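After the C-alpha cells below, expect a handful of questions from me.
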Amino acid sequence: MFISPAYAQASGGGGDFLISLFPIILMFGIVYFLIIRPQQQRVKRHQEMVSNIRRGDTVVTSGGIMGKVTKVADNEATVEIAEGVRVRVVKSTISEVTSKPEPAGSGAAPAKSEGSN
C-alpha cells in the first residue's frame, strides 16, 4: 500500500484540533451571553424584589391575583385581595410589585393639576 505524502502531512498537525474546537467555544460564548447570563440577572432581580416586599405594597402573584400586602413573614406574605379577604402566598410566587406606598413622613403634598379657566 502506498500513502500519499499529502495525506501523511495532514494527519500529524495539532493546529487542526484547535481550529475545529473554536466554533464550539464560540457557540458556548454566544449561548452564555444570550441565554444564561440574562436569566441569571432576571432571577437576581426577582429575588431582590421579593426580599424588599413591605406591608402596603400592591402586588401581582404568578397566578394573576392582585392585592395589597398586609403582613410579611420569612417566606410568606398575607395579601388582601378584597375587603376582608386575605390569602397567604409564598413570597417567591409574587411576580410583580405594581406600586409602593408613600413614606409616612415625606411631607410632600401631591401635585394638583389646575384646569383652564
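FYI, it's all coordinate maths here, none of it is from the lab. Only a predicted model underlies this, so the values are computations on that prediction, with no experimental measurement involved. With ideal geometry, Cβ positions are generated from the backbone for all residues, glycine too; neighbour counts draw on all protein chains shown.
Given points 7 Å out from each Cα along the Cα-Cβ axis, report the Gln40 to Thr58 separation in nanometres with one decimal.
Here the modelled spin labels are 3.6 nm apart.
Which whole-number percent is the relative contact order of region 11-99 (Cα, under 8 Å, 6+ apart)? Don't jump to the answer; show the numbers that get you there.
Working: 98 pairs, mean separation 19.8, N = 89.
Averaging sequence separation for qualifying contacts and normalising by length gives 22 percent for region 11-99.
With θ taken as phi - 60° and the coefficients 6.51, -1.76 and 1.60, list the Karplus ³J(HN,Hα) couplings across region 25-32 in order, rounded to whole Hz; mark glycine and proline as x.
With coefficients 6.51, -1.76 and 1.60, one gets 5, 5, 5, 4, x, 5, 4, 4 Hz.
Still on this model: Nearest 0.05, what FRET efficiency do Ile25 and Met49 give at R0 = 35 Å with Cβ-Cβ as r? Intermediate results must be reported in sequence, preceding the final value.
Values: r = 35 Å, r/R0 = 1.00.
Efficiency at R0 = 35 Å is approximately 0.50.
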